Structure formats: structure tokens, C-alpha cells
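Before any comments, here is the structure.
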Amino acid sequence: MMKKTNVYFNHDGGVDDLISLFLLLQMDSVKLTGVSVIDADCYIEPATYASRKIIDRFGDGKLETAKSIIRGKNPFPKDWRMHAFFMDALPILNEKGSIDAPLSDVPAHEHLINAVMKEKEKTTLLFTGPLSDLAEALKTEPKITEKIEKLVWMGGTYLPDGNVHEPEHDGTAEWNAYWDPEAVGVVFDADIKIDMVALESTNQVPLTPAIRQMWANERKYPGVDFLGVSYAVVPPLVHFITNSTYFLWDVLTTASVGKPELVKSKEILSGVYTEGPSQGRTYEMENGRPVNVVYDVDHDGFFNYITDLAKKVK
Ligand code: AGV
Ligand code: CA
């Protein structure tokens, strides 16, 4: 039997965060040791319910979910945060009429510390939202670094254009970094390996009408139908990129854990602005902290991989 990697998953309840959880539960090479949710690009109540329902419907129903108590500096647009209500209300997640997957009674950062410390082997941390809970965990229990294999994070960019279009900002940052720039600084200062799935690669995997059609064609598989229905709530790329155009940011990040051959990365010595008009911007600098930046992806290989994972569901 294939050796499983311990993975702890912290997310912020967007469509692609919740689809990431769904896909992680289908990966034979992954042993999920815990899930936590942060109130960033979501409302935390529906996002936590949806997570537990996904664990019930598509996992073993035993994995524990924890809620974050950390709040960031720059709030996400409400329209985006509302997607969690749609996900939580999907009939496929509510057929059973009850939630059995457990909710942790400790906050996310403590949940992470406990999950990492109790495993004999090291754990890979997968973060598809802001890094706030990891920053808090590092402050609370610095020894966790010895038990962390690496951090795989969807966030940041070294391109001139980020995806934050907000007053008082210059547009150079990626949203997960911008929500809590200080947390990125704390994590960059810690002694852990970082794989960063930055906008360089996520820009290559927009949601498009052709991708939607591919899922529609195979909706006889319940897992592929779940993909198609979930991605029906967010706008695809048609004529040009707008502020709300959806990419498969977090799903690519998650896929890079399950199938590393899909992506190419290079080392960048990096810093981060924690205040001012560029806050949240990651930048290249001499003597900066080394980060493995994923800059390229096998587009078709990626979409086939996630669709095949979804087909495993009964
Ligand atoms: O910056 C990408 C991150 C990912 O973790 N999120 C969405 C993904 O879950 C924020 C975000 C940027 N643009 C968005 C976002 C958009 N148009 N809609 C929703 N969320
Ligand atoms: Ca996210």
C-alpha cells in the first residue's frame, strides 16, 4: 500500500476551498489529520457546516473541524463571502438532514498545534486562505516547526499585478496575503519550508465555459455533478478578466499536494510589505527568505486529475 502523507488543511470557505476539501478526501496518498476554517473569504458558520457536511458525504464522517477566532485587517467583499451560504445549502450535502462530523471545542490555531504534535510523522500544512492561524500557532507553540514537513500555501504573487482592487491599495497584492499581511511576515520569519502557489500559476487555470461544459457532460457521476453545481455560483472568464472572475486558485494548490508533477516551481528570495499601499505584496529581494514559487501548471493534466478524483465518488 502507498504511504500516506499527513496533511492538515486550513481554509476560508470559498467555493474552491470547499472543493479542495472534497478532493483531498478522494486522494489515496493523503491522510487528512484535521480541518479548520477562518472567517476571511466566507461567513464562518455556513463554511464550517459545509465542511462538516462534505466530510460526512464524501469522507469518513469522523474527521474533526475547528473554527478560527482570528480576524484579519482587510475584509473580503461581502459578495464573495456569501458563496459559503450557497455551498452549505446544496441538496447533495443535505440529503441526510443531520451533521455527524465533529466540531472541535478548541480554536483553529490550537487545533492545528494539537493535530501536528500528536502525529509521529511530520505534517504538511495546506493553507488556502490567509496565514493568520499558522502565525498564531507559531507564536503559541514555536516547537511545531520541528513537526512540519512544509507549508503549501495559495497566496502571494511576484507579478506586477495582484488581484486586490480596493481603495488605498496599489493593486500589487494577492488577497490572502492582503487580508492579514502581518501573518505572512510572521510565517516568512519561521523556520519552515514554503511552497507558494502564487497567481503566476493560478492565472493559468481560470474557470471557463468549456470547463463547465466538460463537467456538465459527465454529470452522471455525482462527484462531477458536485463540481459543476458548485462552480455554477461563480463567474467564468468569457471576454476579459474582471474583479470577480473565478480561477481554480485553491484547487490547483490542493492538486499540487496530491500530484506534484503537475506543477513547476522555482526558488525566490522573498520579502513582504506588512503596511502601506502595497501591504500584502510579496517581492523578490536579496537575502530574502527562500520560497518555492509555483509558476507553471500542466493545464489539461490538472483538470483531468481533479475530474478523475471526482469520478471516484459513489
Ligand atoms: O486570491 C485568491 C483567493 C483563493 O484562496 N481567494 C479566492 C480563493 O479561495 C480570494 C479571491 C480573489 N478573487 C476572488 C476571490 C474572487 N473573484 N471571488 C472570490 N474570491
Ligand atoms: Ca481561499
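The values are calculated or read from the model by the stated rules, or taken from the named source; none is laboratory data. These figures come from a predicted structure and were not determined experimentally. Cβ: placed from backbone, ideal geometry, glycine included. Neighbour counts: every protein chain shown.
Below, the figures for the structure above:
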quantity	calculated
Residue pairs meeting the criteria (Cβ under 8 Å; at least 6 apart or on separate chains; first over 23 Å from residue 133 (Cα atoms) and away from ligand 2 (no atom under 16 Å from the Cβ), in the stretch 154-181; second modelled with pLDDT under 95 and not in a helix (DSSP H, G or I))	165/243
Filter result for residue 39 (buried (at least 23 other Cβ atoms within 10 Å of the Cβ), within 10 Å of ligand 2 (Cβ to nearest atom) and either under 16 Å from the mean Cα position of the chain (by Cα) or under 18 Å from residue 125 (Cα atoms) (or both))	no
Residues of the stretch 17-66 satisfying the condition of being within 16 Å of ligand 1 (Cβ to nearest atom) and in contact with a Pro (Cβ under 7 Å, 6 or more places away or on another chain)	38, 40
Strands (runs of 3 or more DSSP E) contained in the stretch 235-314 and holding at least 2 residues within 16 Å of ligand 1 (Cβ to nearest atom) and farther than 19 Å from residue 179 by Cβ	289-297
Residue 94 surrounded by fewer than 24 Cβ atoms within 10 Å (Cβ to Cβ), in contact (Cβ under 8 Å) with a residue 60 or more places away in the chain and more than 16 Å from ligand 1 (Cβ to nearest atom)	no
Residue among 173, 177 that alone is within 16 Å of ligand 1 (Cβ to nearest atom), outside any loop (DSSP other than H, G, I, E, B) and either more than 18 Å from residue 77 (Cβ to Cβ) or modelled with pLDDT of 95 or more (or both)	177
